[in-house]
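Engineer: Supplied in structure tokens, the structure appears directly below.
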Amino acid sequence: SQHTAGGDQNDGHDAVTAIKEVNSMERRITEHPILGTIEKGRKVSFTYDGKTVEGYEGEPVAEALKALGVMVHRYTTKKPRPGGIFCAIGRCTDCVMVVDGVPNTRTCITPVREGMVVETQVGVVPASQVKDTVLKGGVMA
């Protein structure tokens, strides 16, 4: 246990949280070629693959996931190959995910909203619905 300048005990969790915040901020996009300057809104919660995560309202979903260390957004079905942020301007389909039940949503230009549900996509369905063990193996690998 550590003591702070004020004499309160601190087990180091505040420092760890501060470091995580700095690291996640370093991974955020501040200038976007299509969306312009990204204004950081209030911190909101949304669901990613069944887990509650946080991002900033209005930032692209792909940016919020990148800040969390998530780089794979979808898998193809012919060969379970991953896709993630590529063009970041909504032209390619590498960042598509199932958002609020809608497949093929381009997450690089879709803003984060409180309560939205974002899922890794396999083919055109959420990974959680994939029964094919070969594809599941690709997702889990």
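Engineer: From largest accessible area down, sort Arg106, Arg113; use a 1.4 Å probe on the protein chains.
Structural biologist: Sorted by accessible area, descending: Arg113, Arg106.
Engineer: Order 94-100, 77-83 from most to least packed using the mean count of other Cβ atoms within 10 Å.
Structural biologist: Result, highest mean first: 94-100, 77-83.
Engineer: At a Förster radius of 35 Å, what calculated FRET efficiency corresponds to the Cβ-Cβ distance of Thr76 and Ile34, to the nearest 0.05?
Structural biologist: 0.90
Engineer: Please give the per residue accessible area of the range 34-128, computed with a probe of 1.4 Å over protein heavy atoms only, in Å².
Structural biologist: 50
Engineer: Rounded to the nearest whole Å³, what is the per residue volume of the convex hull around the Cα atoms of the range 28-127? Please list the in-between numbers first.
Structural biologist: Details: hull volume 8.1 nm³, N = 100.
Residue-normalised Cα hull volume stands at 81 Å³.
Engineer: I've got another one for you. Contact order normalised by length for the range 47-123, with contacts defined as Cα pairs under 8 Å and 6 or more residues apart; what percent is it?
Structural biologist: 39
Engineer: Another one. Find, among the GluC sites (Glu not before Pro) in the range 31-113, those assigned to loop by DSSP (not H, G, I, E, B) with at most 12 other beta-carbon atoms within 10 angstrom.
Structural biologist: Those satisfying the criteria are Glu39.
Engineer: What full-extension length gain, to one decimal in nm, is calculated for Ser45 and Val102 as 0.36 nm per residue of separation minus the Cα-Cα distance? Intermediate results must be reported in sequence, preceding the final value.
Structural biologist: On the way: separation 57, 0.36 × 57 = 20.52 nm, distance 1.90 nm.
Taking 0.36 nm per residue and subtracting the Cα distance, the gain is 18.6 nm.
The values are calculated or read from the model by the stated rules, or taken from the named source; none is laboratory data. Everything quoted here is computed from the prediction, not taken from an experiment. Glycine gets a Cβ as well: all are built from the backbone with ideal geometry, and neighbour counts include every protein chain shown. Areas reflect the complete protein model, heavy atoms only, side chains present, ligands, DNA and RNA absent. Shrake-Rupley method; radii C 1.70, N 1.55, O 1.52, S 1.80 Å.
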